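Structure, as structure tokens:
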Amino acid sequence: MESIGNTWLWGSFCVVVAAMVAVDLFVVGGGRRHRVTFREAATWSVIWVMVSFLFAAGLWWYLDGAGGRARANEKTLEYVTGYLIEKSLAVDNVFVWLMLFSFFGIPLELQKRVLAFGVLGAILMRTVMIFAGAWLIAEFHWVLYLFGAFLLFTGVKMWWFADAKPDLANNPLLKWLRRRLKVTDELQGERFFVRLEGVRHAT
């Protein structure tokens, strides 16, 4: 697959993403704990969409000068298509987060902080998995078939249990974490970990 990536493009992309994360963590709402209103959420959603399309415009401008109008149109359309697909798929994640917040009783004023660190963790995990997956496919081509089989299995499982409500109380991962981590009975403000009687607890 031909790539248009170079140091300048990757650097620009990373700077834009880092700036967006910093603004979301330290600027939105004054960087303090607060309840996010519908108006505030809608306003910042529009701003982030505009930033994404401004990046697309910058990408088109760069490729138009470096590779011609046809190449700029093609690659920018690919970027916008991928962005819109990811944006639409992210709607499912909203319902997952709402379910988790409800199950763990996360108050509204703390949800933004939890969500922000959750998204950062997802970005890091995706980055590691993308590079690890690319390396595995390059070194062992047959791994591609394993990935395909796993995706098919996951898709069938999601379809088969589409109407089933997730039982978080009996989730294997949560049960495993609770057996190995000391967890407080109630939240401790914005802190994820606290020390009680000299012992570190997760909140």
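Since every read-out is calculated from the coordinates, none of them should be taken as a lab result. Keep in mind the model is a prediction, meaning the values are calculated, not measured. When we count neighbours, we look across all protein chains shown, and the Cβ atoms used for this are built from the backbone with ideal geometry, even at glycine.
Quick look at the numbers
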quantity	calculated
Lys, Arg +1 and Asp, Glu -1 on Cβ, resulting dipole of region 55-97 about Cα centre, debye, nearest 20	140 debye
Viscosity 0.692 mPa s, 37 °C: Kirkwood-radius Stokes-Einstein D of region 6-75 over Cα pairs, µm²/s	235 µm²/s
Simple Cβ-charge dipole of region 7-142, Lys/Arg +1 and Asp/Glu -1, about Cα centre, in debye nearest 20	400 debye
Within-15-Å neighbourhood charge of Val94 [Cβ basis; K, R +1; D, E -1]	0
Rounded, prolate or oblate (a/c below 1.5 giving rounded, otherwise prolate when a/b exceeds b/c) for region 17-144 by Cα gyration tensor	oblate
